[in-house]
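Trainee: I am attaching a structure below and will ask some questions about it afterwards.
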Amino acid sequence: MNQLPVEYLFFVGAIGLVGIGVAGMLLCRNLFRVLLALVIAEAGANLLLVLTGYRWDAVAPIVLPGMPAGTTMVDPVPQALVLTAIVIGVGIQAFAVAVLIKIYHGYGSLDRRRLAAMLDRDMNELAGVGPGRSPEAPAGKRPFPPPEQQEGRS
Amino acid sequence: MRNLISLLFVGGLVFLLLVLTLQAPFAEGPMLVGKGILQQGTEETGTANLVTSVVLGYRGYDTLGELSILFTAALALGVVLGRRRPEAPRDLEAGLVLRASSDLLFPLLLVVGLYIILHGHLTPGGGFQGGVILAAAFFLPVLARPSQRISHAGLMALEALAGAAFIIIGLLAMRHGGQFLQPLLDKGQLGSLLSGGTLPLLYIAVGVKVGAELAGLLVRLGDAEADS
Amino acid sequence: MNAVALLVVLPLLAAFLTPSLGRVSGLAAKLLGPAVLLFCLGLVWHYSTGDGLPFSIALGGFLPPLGINLYVDSLALLFAGIVFLLVLLAWPWGDGSREQYALLMLLAGSSAALALSGDLFNIFVFYELGAVASFGLVVSAGTRAAHLATFRYLLISGLGSVLFLLGVAIVYINTGTLNLAHLATLAPQSLNNIQGLVAFVLILLGVGVKAELFLVNSWVPEVYATAPGWVSGLLAGIVSKLAILVLLRLLILVFDFPDAHNLLLLLGVAGFVSGELAAWWARDFRRLLAFSSIGQLGLVFIGFSISGQAGVMAGLAVALHHVLVKPALFYLAESWGGALGRLRGAGGRSPLAAAVFVLFALSLIGVPPLPGFWAKMLVIMGLAGEGGNLQITAIAAVLVVTVVEAAYLLRLVGSFYAGDGPEAVPSKQGPGDISRALLFAVGLLLAMVFVLPLGDWLSSVSGEAMNVPHYVAVVLQRGELQ
């Protein structure tokens, strides 16, 4: 590999997007930002997938009148795959935003660590187990004030 | 500590992918399936746009799955957000600029959306792209005049009909002795509007379904904002 | 004309129509799903008893590898049948909403599609469909905890699908095809290198999210603890099993190299050990079941890591045993969900449910005549047959952890029959839940009685699945219209 063609920049861009997205998912504390990071990572993966069909000096895979026979075209399959993957991503993102709205109504926060602690408490309450090791102990002092809005207001 | 591990993981992933893609046969890959489709695609499906022949022909079954995912997401979103209370306050009407431009844009978007759907087998575009434009056309008036609502039940029925139409076109092919989703009808003259057999019909179903679904998603999300 | 596509298409069609139908007539919406499921079960029965298996159909009439094909063999039909049967058993007759009915049909259709699919990207599409449908079902519990658990599940699953797509991109750039049979012919040259291994790891992590693989299973206890009990049963019974079937197909056809097997063994042992230890610490019934489910699926991965037919058979045996046991336990959890302490003396109050639980617990541990014993036995024999250092360590880990498993399950069983419980007595099982659990128990006992014919049959199924040249021949040469 003595000299890299400039087209490799596309690859660097796609993989960079995946890296930014995954890093954002692991590092951000606000759940909405985590979701945005997921969207970025998906964009990177889609870009990488569409690049797999790249050809030098090729045109879009559409037969136009007057096109000379034997024109090189790029691979149509990855384009169709990415179209599918993008639409799948959109559906999941819309659903995720709706769930986020309900989470914010329910808990009054979108901070990942606070929510993790509150989810743990909620699950213990749901199961009728107190915090800590002793199953019989009372619920103890709550680490966070209970949010004003509860579920059941859909 | 956790952050450090995360960064290491991301760095490793990026490095690995970079090394792999630099080694991979970029732009000279085998492209076995792609070559086959480029050679036979126009004859087998009769569409000038080969991406369409892949989306609706060779991988039409994937498209059915994709439509189902959008439908499922809309359904699950409905489960999450629930029904809107009738007494919930509505947003105020938007200003003159938005109202006037939404009135102007609505017919334009409608025409562009329909054009893109109908020419999906000839030019770049198709049911998904056109459907998104249709959804925008119907969502813009809702933004401008929040007191006018689009009926959820109507959208749901439209979605159901379009999805069922896609499947029924596929099943009709089975009745005629073919496989599920096999293209029917005459392939027509390559490049003319009435070509590609049943593929344009499938794309119309896709366009209507995507439009209704995305409009429904947006309207429901808008409702959820309004009653908080 | 071949009607196999109906197994996928009819449930999807029913799902599209159910919400709108429900506005006209609630009863019709409730009955449409079971009717379609029964029809699909009949179709599965028709194909699995008829001859001509395995065969392949080319959807849209486009021959593979250009088009997508469905591959129908005994293994695919077995899993499709399990899917329809479990969804039918879990059908919420009493209190379901039309959205739930539609989501259940979507889950059934996507799972059947995964069982039959012969195309890598098609697997991705229907895998995502199953994921979204299960999000919807979990979230239908309606509590804020369910919302949060679903969102965290969604994030992990989203990360998984990004990794899966990256894996698909690497496979495609190296081979130029997505058809599994075509990949099977190309893999020995183009994927038997570092590119193939990385693609395998990425796809493994992507599919592993649903298969409760170690590293990407943090959603399991949260979701199983907050979802309705019958939904948890379906997730543990169907969704994880289909993910496993997909992994099995990929492992046999595309990524059949030693590094992949070793990696699977490591992750499987890690999953088994961590799952069972966490179950030992768990203080409420549902999370105990969730962690035990992680452990059992770890055992399945250990089974698949064994090369050759013995491995496939061992993994399948553990997976099928888990299908029989876990949904039933989640039905019991509908009213027993809660602190383990509340279950003291449950044996006196609901003797039937307690007896069923004891049966399942003994089978999970692997007490000899029960099917669970034979499943674990196959895994250990397979590992011993391999004989490497790694495999011997794995045997030791499995045996030690089985003791832990026995300890926590027997501790629970013991408390059932120990004196009176506290005041907070859990309600008795509803008649629906207990009779469903009983059905599974009867199935388990039948499997115990007919263990020898079952073993022969499983051996022939896995032999058929292992036959890669035959798979390739069926798909690529006989893929034409039938």
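The values are calculated or read from the model by the stated rules, or taken from the named source; none is laboratory data. Only a predicted model underlies this, so the values are computations on that prediction, with no experimental measurement involved. Every residue, glycine as well, gets a Cβ built from its backbone with ideal geometry; the counts of neighbours run over all protein chains shown. These area figures cover heavy atoms from the full protein model, side chains too; ligands, DNA and RNA do not enter into them. Shrake-Rupley method; radii C 1.70, N 1.55, O 1.52, S 1.80 Å.
Trainee: Using a 10 Å cut-off on Cβ to Cβ distances, tally the other chain neighbours for every residue of B:210-221 and report the average as a whole number.
Mentor: Mean partner shielding for this stretch: 2.
Trainee: On to the next question. Assuming a strict under-19 Å limit between Cα atoms, what lysine pair count do you get for the protein assembly as shown once near-sequence pairs (fewer than 8 apart, same chain) are dropped?
Mentor: 5
Trainee: Between residue B:184 and residue C:349, how many nm apart are label points set 7 Å from Cα along the C-beta direction?
Mentor: 6.0
Trainee: Quick one: what are the phi-derived ³J(HN,Hα) couplings along region C:382-395, Karplus 6.51/-1.76/1.60 with θ = phi - 60°, whole Hz, x for glycine and proline?
Mentor: x, 4, 5, x, 5, x, x, 4, 4, 5, 5, 4, 4, 4
Trainee: Based solely on its DSSP helices, what 222 nm [θ] is calculated for chain C when runs of n ≥ 4 H residues each add -39,500 (n - 2.57) and the sum is averaged over all residues, nearest 500 deg cm²/dmol?
Mentor: -25500 deg cm²/dmol
Trainee: While we're here: If you take each beta carbon of peptide B:176-186 and count the beta carbons of other chains within 10 angstrom, what is the mean?
Mentor: Average per residue, whole number: 5.
Trainee: At a 1.4 Å probe, what is the % contribution of carbon and sulfur to the accessible area of region C:257-449?
Mentor: Of all accessible area on region C:257-449, carbon and sulfur atoms account for 72 percent.
Trainee: So if each residue of separation counts as 0.36 nm, and I subtract the Cα-Cα distance between residue C:39 and residue C:400, what length gain in nm does that give?
Mentor: Length gained between residue C:39 and residue C:400: 125.4 nm.
Trainee: Taking every Cα atom in region C:16-93, find the radius of gyration and the maximum pairwise distance Dmax, and write them in Å.
Mentor: 15.9, 44
Trainee: If I model region C:257-449 as equal point scatterers sitting on the Cα atoms and use the Debye formula, what is log10 I(q)/I(0) at q = 0.09 Å⁻¹?
Mentor: With one equal scatterer per Cα and no solvent, log10 I(q)/I(0) is -0.33.
Trainee: Same structure, new question: Distance in nm between label sites at residue C:27 and residue B:23, each 7 Å beyond Cα in the beta-carbon direction?
Mentor: Between residue C:27 and residue B:23, the simple spin-label model gives 6.6 nm.
Trainee: Another question, if that's okay. With a 1.4 Å probe, what is the total accessible area buried between chains C and A, in Å² rounded to the nearest 100?
Mentor: 3900
Trainee: Show me you know the interface measure: the accessible area buried between C and B, both chains summed, probe 1.4 Å, in Å² to the nearest 100.
Mentor: Using a 1.4 Å probe, the pair buries roughly 4800 Å².
Trainee: Is it possible to state the helix-based mean residue ellipticity at 222 nm for chain B, with each DSSP H run of 4+ residues giving -39500 (n - 2.57), the sum divided by total residues, to the nearest 500 deg cm²/dmol? What is it?
Mentor: Calculated at 222 nm, the ellipticity per residue is -23000 deg cm²/dmol.
Trainee: Report, in whole Å, the centroid distance computed from the Cα atoms of region A:17-70 and region C:1-67.
Mentor: Computed from Cα coordinates, the inter-centre distance equals 34 Å.
Trainee: Calculate the length of the line joining the C-alpha centroid of region C:359-405 to that of region C:218-235, in whole Å.
Mentor: If we compute the Cα centre of each part, the gap is 26 Å.
Trainee: With every atom except the alpha carbons ignored, what do you get for Rg and Dmax of the protein assembly as shown, in angstroms?
Mentor: Calculated on Cα positions, Rg and Dmax stand at 26.5, 90 Å.
Trainee: Let me know the mean shielding of C:131-139 by other chains, meaning the per-residue number of their Cβ atoms within 10 Å of its Cβ.
Mentor: Partner Cβ neighbours, averaged per residue: 6.
Trainee: In addition: Give me the percent of the accessible area of region B:1-79 that comes from carbon and sulfur atoms, probe 1.4 Å, all protein chains in place.
Mentor: Carbon and sulfur together cover 68 percent of it.
Trainee: In Å² (nearest 100), what accessible area is buried between B and A, both sides summed, heavy protein atoms only, 1.4 Å probe?
Mentor: Chains B and A together bury roughly 4300 Å² of accessible area.
Trainee: What nm value, rounded to one decimal, do you get for the distance between residue A:60 and residue B:221 when each label is placed 7 Å out toward the C-beta?
Mentor: 2.6
Trainee: If you don't mind, there's one more thing I want to ask. Quick one: 3J(HN,Hα) in Hz for region C:363-371, Karplus 6.51/-1.76/1.60 with θ = phi - 60°, rounded, Gly and Pro as x.
Mentor: Values, residue by residue: 5, 4, 5, x, 7, x, x, 6, x Hz.
Trainee: Given a 1.4 Å probe, show me the residues in region C:22-64 buried by at least 40 Å² of accessible surface when comparing the whole protein assembly to the chain alone.
Mentor: Those are C:23, C:59, C:60, C:62, which lose 40 Å² or more relative to the chain on its own.
Trainee: Express the accessible area of region C:257-449 per residue in Å², computed with a 1.4 Å probe while the remaining protein chains stay in the model.
Mentor: 35
Trainee: OK, next. Where in region C:109-138 is the amide nitrogen less than 19 Å from a point lying 7 Å along the Cα-to-Cβ axis of residue C:3?
Mentor: Residues C:109, C:112-113, C:116 qualify, since their backbone N sits under 19 Å from the label point.
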